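Engineer: First the structure, then my questions, so here it is.
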Amino acid sequence: MPRRSRRDDSGFTLLEILVVIAILGLLIGLVAPAALRQLGGARVSVAKQSVERIGSVLDMYKLDVGSYPTSDQGLRALVEQPAGTTTWNGPYVKGNLPVDPWNRPYSFSNPSSRAGHDYDLCSLGPNGSGGSDLICNQ
């Protein structure tokens, strides 16, 4: 009786694997840009919320000291007592100075260059150059 060799046909063919890879590539190509847009929008939202929180901390500083920090003192006045202030009750911020979601320091100036504001507290936004991406206190 002749011997027949049996092949084990279990497994995937090269064509099946290529089809799955193509489908995964299409899904990644469609989903990744939307996910990256969401991430960028989330960082802008976090920056706006952080500017509001730091604004509240600056209000507490003003209640204690009687005025907002000067541009020269900057946000450092929330961490270290500025020279000449006797009613400072800080530190108002734990640890280091806060940075925006893009890991850049917030800009602070007092008095404000905008009408109706006591000070300017801003993040330079995603591109770091400000302009239309500037995120400032309201």
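Any read-out appearing in this document is the output of simple, stated calculations on the displayed coordinates, not a laboratory observation. Every value quoted in this text rests on a predicted model; they were computed, and no experiment measured them. Backbone-built Cβ (ideal geometry, glycine too); neighbour counts: all protein chains shown.
Engineer: Can you tell which of Gly25, Gly11 is surrounded by 10 or more Cβ atoms within 10 Å (Cβ to Cβ) and either of a type outside the set (A, V, I, L, M) or under 29 Å from Asp100 (Cα atoms) (or both)?
Structural biologist: Gly25
Engineer: Taking interchain pairs and intrachain pairs at least six residues apart, which have beta carbon atoms under 8 angstrom, with the first residue in the stretch 82-105 and in contact (Cβ under 8 Å) with a residue 40 or more places away in the chain and surrounded by 12 or more Cβ atoms within 10 Å (Cβ to Cβ) and the second assigned to a loop (DSSP other than H, G, I, E, B) and not polar (S, T, N, Q)?
Structural biologist: Short answer, once both residue conditions are applied: Pro98/Tyr106; Asp100/Tyr106; Asp100/Leu124; Trp102/Leu124; Trp102/Gly125; Trp102/Pro126; Trp102/Gly128.
Engineer: Next question. What's the total number of residues in the stretch 106-134 that are touching a Phe, Trp or Tyr at 6+ places or on another chain (Cβ under 9 Å) and surrounded by 13 or more Cβ atoms within 10 Å (Cβ to Cβ)?
Structural biologist: Adding up the residues that qualify gives 13.
Engineer: I would also like to ask the following. Could you please let me know if Val65 is out of contact with any strand residue (DSSP E or B) (no Cβ under 8 Å at 6 or more places or on another chain), touching a residue at least 40 places away in the same chain (Cβ under 8 Å) and at negative phi?
Structural biologist: Taking the combined requirement at face value, the residue does not satisfy it.
Engineer: A further question on this structure: Which numbered condition in (1) touching a helix residue (DSSP H, G or I) at 6+ places or on another chain (Cβ under 7 Å); (2) part of a helix (DSSP H, G or I) is the only one that Thr85 fails?
Structural biologist: (2)
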